[in-house]
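Since the structure comes first, as structure tokens, the remarks are kept for the end.
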Amino acid sequence: MTNQDVVMPDIIATPAAMPGRAPPFACRGAAAAAVSVSSMRVVVSAAATAAAHVPTIRPCASWVVEAMRASSPTRTPAAATADGKKKQQHPSALGGFEQIAAAASGKHVVVFLDYDGTLSPIVSNPDMAFMSDEMRAAVRGVAEHFPAAIVTGRRVDKVQSFVGISELYYAGSHGMDIKGPSCSNEEEDAKILLQPAREFLPVINEAYKALMEKTKSTPGARVENNKFCLSVHFRCVDEKRWIPLAEQVKAVLRDYPQLKLTQGRKVLEIRPSIMWDKGKAVEFLLKSLGFDDRSDVLPVYIGDDRTDEDAFKVLRKRGQGIGIIVSKYPKETDASYSLQDTAEVMEFLVRLVQWKRRR
Ligand SMILES: O=P(O)(O)OC[C@H]1O[C@H](O[C@H]2O[C@H](CO)[C@@H](O)[C@H](O)[C@H]2O)[C@H](O)[C@@H](O)[C@@H]1O
């Protein structure tokens, strides 16, 4: 069971992107890979294979709210966890760049990038989370020199439109919708490499409508349909309304035992109860690229969120690769290096490309 499974199969909620409803934002007051796409066409339909249902854990509402508070601290967080373990500030991936370069020497580097909070700064309106042109140029450089993928909770088409680089792999919906780089003369569907939760689409769409209806009374709440998962944003919800919102979400989820609840940055995420996450997506992509069981590959994964921990864990377990957490504060993480913010991520990507060019 992952951290995410434990976090909060309880809550969630929200509101407002239906036709005729005013958007809740901005919030005021509240507080080139070696493998061709065609050779990788794998489309797995369902859960059936991978997928035992995850047991539901129902934390009490106050516990859930603590988790909601912790999901994107607005002040310096405590230096220790609840069980007294000290949180560590991991060494900077910029300060430790020479070490990383040494580890990459003679290896195939494969780059995995989270989107929100990693390539684009966190903003109130998820529809406005654009990356800068400078960041796009840095990511394009990465895609030209390494096999590279965007691994995100967002729906694939949305993140593709934000990033706009066709040479990348895209793993959307927390890895449940994986597409290969575009080829102009192929049909859109031919790019789909994996959709392990396909059979959940009808139930997810139903749950989406139910969440929209249930949470419309909560000002600032917003439900985002990420195709194979749903996000209930509470960044713009007054903290006093978090418990009722959580109860609303919980009430909806009672009707959908096939779905589970996880958590990101000021967002409750509802997804199919299958054992699939960003870590599995990383494993799948490495295998598809022909890098499984090889000692001459160095996956580098950069992400800022709790959901990225599944990928960090996979790298740690493989004893291969470098996890880099994007955070200004010490965090409990399975990453081995850190970068403070998106500006540092960009600097790291630029240095990685420069290093590759020199070789
Ligand atoms: O895996 P990621 O690429 O990090 O996507 C996770 C969620 O990111 C988005 O929400 C987050 O960013 C928003 C824009 O900055 C912010 O308003 C929100 O509070 C964050 O949670 C996205 O909107 C979600 O659908 C993704 O699941």
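Enumerate the pairs (first residue in segment 102-129 and on the phi < 0 side of the Ramachandran plot; second residue anywhere and among the basic types (Lys, Arg) and more than 8 Å from the ligand (Cβ to nearest atom)) with beta-carbon separation below 8 Å, excluding pairs fewer than 6 apart on the same chain, so at least 6 apart or on different chains.
The qualifying pairs are HIS108/ARG294; VAL109/LYS356; PRO126/ARG222.
Of all residues in segment 242-272, how many are of a type in the set (Val, Ile, Thr) and either under 23 Å from the mean Cα position of the chain (by Cα) or over 16 Å from SER217 (Cβ atoms) (or both)?
Within segment 242-272, residues that are of a type in the set (Val, Ile, Thr) and either under 23 Å from the mean Cα position of the chain (by Cα) or over 16 Å from SER217 (Cβ atoms) (or both) number 4.
So HIS233 fits all but one of (1) surrounded by 23 or more Cβ atoms within 10 Å (Cβ to Cβ); (2) assigned by TED's automatic domain parsing to the domain that holds LYS287; what number is the exception?
The number of the failed condition is (2).
When you check SER166 against the structure, is it surrounded by fewer than 18 Cβ atoms within 10 Å (Cβ to Cβ), modelled with pLDDT under 95, within 30 Å of ASP296 (Cα to Cα) and more than 16 Å from the ligand (Cβ to nearest atom), yes or no?
yes
Which of the residues belonging to segment 247-279 are crowded, with 22+ Cβ neighbours inside 10 Å, more than 13 Å from the ligand (Cβ to nearest atom) and under 30 Å from VAL109 (Cα atoms)?
ILE274, TRP276
Pairs please, first residue from segment 197-218 and closer than 15 Å to GLU269 by Cα, second anywhere and part of a helix (DSSP H, G or I) and not aliphatic (A, V, I, L, M), Cβ atoms under 6 Å, 6+ apart in sequence or on different chains.
THR215/GLN248
When you go through VAL151, VAL156 one by one, which is the residue that is in contact with a Leu (Cβ under 8 Å, 6 or more places away or on another chain), within 16 Å of LYS191 (Cα to Cα) and within 15 Å of the ligand (Cβ to nearest atom)?
Among VAL151, VAL156, only VAL151 is in contact with a Leu (Cβ under 8 Å, 6 or more places away or on another chain), within 16 Å of LYS191 (Cα to Cα) and within 15 Å of the ligand (Cβ to nearest atom).
Out of curiosity, is GLU239 surrounded by fewer than 22 Cβ atoms within 10 Å (Cβ to Cβ), of a type outside the set (S, T, N, Q) and within 22 Å of the chain's Cα centre (by Cα)?
no
Using the structure shown, decide if ILE204 is within 30 Å of LEU286 (Cα to Cα), modelled with pLDDT of 95 or more and among the β-branched types (Val, Ile, Thr).
Yes, satisfied.
Can you work out which of the residues in segment 227-236 that are near the ligand (Cβ under 10 Å from one of its atoms) and of a type outside the set (A, V, I, L, M, F, W, C) is farthest from ASP157 (Cα to Cα)?
The extreme case among them is ARG235.
Restricting attention to segment 124-148, report how many residues are more than 10 Å from the ligand (Cβ to nearest atom) and open to solvent by 40 Å² or more (accessible area, probe 1.4 Å).
8
Let's see how each residue does on (1) within 20 Å of VAL345 (Cα to Cα); (2) modelled with pLDDT of 95 or more; (3) within 16 Å of the ligand (Cβ to nearest atom); (4) exposed (fewer than 15 other Cβ atoms within 10 Å of the Cβ):
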site	(1), (2), (3), (4)
PRO77	no, no, no, no
LYS86	no, no, no, yes
LEU94	yes, yes, no, no
ILE100	yes, yes, no, no
ILE122	yes, yes, yes, no
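For GLU224, state whether it is within 11 Å of the ligand (Cβ to nearest atom), open to solvent by 10 Å² or more (accessible area, probe 1.4 Å) and not in a loop (DSSP other than H, G, I, E, B).
yes
The values are calculated or read from the model by the stated rules, or taken from the named source; none is laboratory data. Computed from a prediction, not measured in an experiment: that's the story for all the values here. All Cβ positions, glycine included, derive from the backbone under ideal geometry; neighbour counts span all protein chains shown. Side chains are part of the model used for accessible areas, which takes the heavy atoms of the whole protein and leaves out ligands, DNA and RNA. Shrake-Rupley method; radii C 1.70, N 1.55, O 1.52, S 1.80 Å.
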